[in-house]
1. Which net charge results when you count Lys and Arg as +1 and Asp and Glu as -1 among the other residues whose beta-carbon is under 9 Å from that of A:R234?
2. From the helices alone, meaning DSSP H stretches of at least four residues, give me the mean residue ellipticity at 222 nm for chain A, per-run term -39500 (n - 2.57), in deg cm²/dmol to the nearest 500.
3. Given the options A:P233, A:S122, B:V94, identify the residue whose Cα lies farthest towards the positive end of the charge dipole of the protein assembly as shown (+1 on Cβ of Lys, Arg; -1 on Cβ of Asp, Glu).
4. Residue by residue through A:91-102, how many Cβ atoms from other chains fall within 10 Å of the Cβ on average?
5. Compactness ratio of the protein assembly as shown: Cα Rg over 2.2 N^0.38 Å, N = residue count?
6. Among B:S163, A:S41, which comes first, second and so on when ranked by fewest other beta-carbon atoms within 10 Å?
7. Using only the Cα atoms of the stretch B:5-225, what semi-axes does the equivalent ellipsoid have when each is the square root of 5 times a gyration tensor eigenvalue? Give whole Å, largest first.
8. Using Cβ counts within 10 Å as a stand-in for footprinting exposure, how do B:K145, A:K159 rank, fewest first?
Amino acid sequence: MAKVIIVKKLHKNFGDLQVLRGISCHIAPREVVVVIGPSGSGKSTFLRCLNQLEPATSGEIIINGVSITDPRADINAIRQDVGMVFQRFNLFPHMTALQNVALAPIKVRKLKKAEAEELAMSLLTRVGLRDKADQYPEKLSGGQQQRVAIARALAMQPKVMLFDEPTSALDPEMVGEVLDVIKNLALEGMTMVVVSHEMGFAREVGDRVMFMDEGLIVEEGSPEQLFGSPQNPRTRAFLSKIL
Amino acid sequence: MQFQFEKVFQYWPMILRGVQVTIQLTVVAVAIGTVIGLVTSLLRLSRFKPASLLARCYVDFIRGTPLMVQILLFYYGLPQLLGIKAFDRYFSGVVTLSINSGAYVSEIFRAGIQSIHHGQMEAARSLGMTYFQAMRYVILPQAFKRCIPPLGNEFIAMLKDSSLVSIISLQELMMTGRIIEGHYYRPFETYIVVALLYLFMTTTISQLVSYLERVFGKGDHSKETA
């Protein structure tokens, strides 16, 4: 089966600091991959390389058959197919929830305003926030803001969704509502890469878990394998601290 | 000591004309300066090094030299250099003040743009927007709101600094004062009237700015806390 994402020997340096030291992996259509690892392991950087918010230092990333690390690649076109959800939501504070979701379809996809707003409304309904469409982000709870952010990313009808610790900035009681939205996306067949420490979520939704440490994928496998019988000592040490 | 304000007020229409020229100069200079400032701040922040360097040289030169020197250099120096006859006074005044204002305004915009969290740019880019779309629809609308108070200060500073164009005999409020003083040698009465007129204009502007701040400030949701 054709892979949605192919990563070959990805390296990323910040000055002298080697954050990613040769990552290679494949992600299949409809697959949900959960990336775990200690802070500073490079997992967020890896995710950010997948839509070139961080340009790769070397190596190749191919998404839907297009090399995005090629300097001639049209990065804006590629990003339309790769949705991203951030830890800190990053909603546009000067726009309502509806405007947040409709902006990119209008400006990038060149949809008519009415069409884009209809699309935005249907997405807000899907994340359970139809009644919050006219609210500004500051009036919304963290969980609601993150759901708007997911709707905003979905509005570009991406083929892949990237989640960068989507629940770690949330109060505990709001984690569930955001994870439920992500779970539904998984059920609908969205290909996703999720950096998360929510082990229950990883077990329930993840097809595969990758453990990263010091810029490398140390171990990967099904959630049962990786959480149940980790092989690598570093994986075991990390899991013993968080489980 | 007998004040002779009536001698000054004899020239009231001329004084009002001076006030009008001062306001025109300032409004036009800050308006053009805002456009120059916006472009300069974007160049300054761009990753294209020559553009950023050029913008920086311009800003450093203007901010590092006295406005009076800039005015003289433009009005007297440039025609000599180009071997042409003198520029129009009003033209010279407007151009010099605009170029001067542009440098200060570009620093205001640069600070405003940099004060917007980088996550905003990332979110916009991750949706497939170009750098300029992200600036236009996401960053600048937020930055502009934060720039209103310092832009108001710049407007007030420019209104006062415009008095320096009297050095090339451009007949705005300051130059009008100098002419009147030359007629009667009543410097106190003349310059106190001139000063109060400047004060009236600057306080009016600061009232206007705080009003604008209240109106537009409502939209700056990032600053409010729940």
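Values quoted throughout were computed directly from the atomic coordinates according to the rules given, and no laboratory measurement underlies them. Given the structure is predicted, the values throughout are model-derived calculations rather than measurements. Positions of Cβ are backbone-derived with ideal geometry, glycine not excepted, and every protein chain shown enters the neighbour counts.
1. Taking every Cβ under 9 Å from that of A:R234, the sum is -2.
2. Dividing the helical sum by the residues of chain A leaves -10500 deg cm²/dmol.
3. Projecting each Cα onto the dipole axis, the largest value belongs to B:V94.
4. Average per residue, whole number: 4.
5. 1.31
6. Fewest to most other Cβ atoms nearby, the residues stand as B:S163, A:S41.
7. For the stretch B:5-225, the ellipsoid semi-axes come out as 38, 23, 11 Å.
8. Ascending number of Cβ neighbours within 10 Å: A:K159, B:K145.
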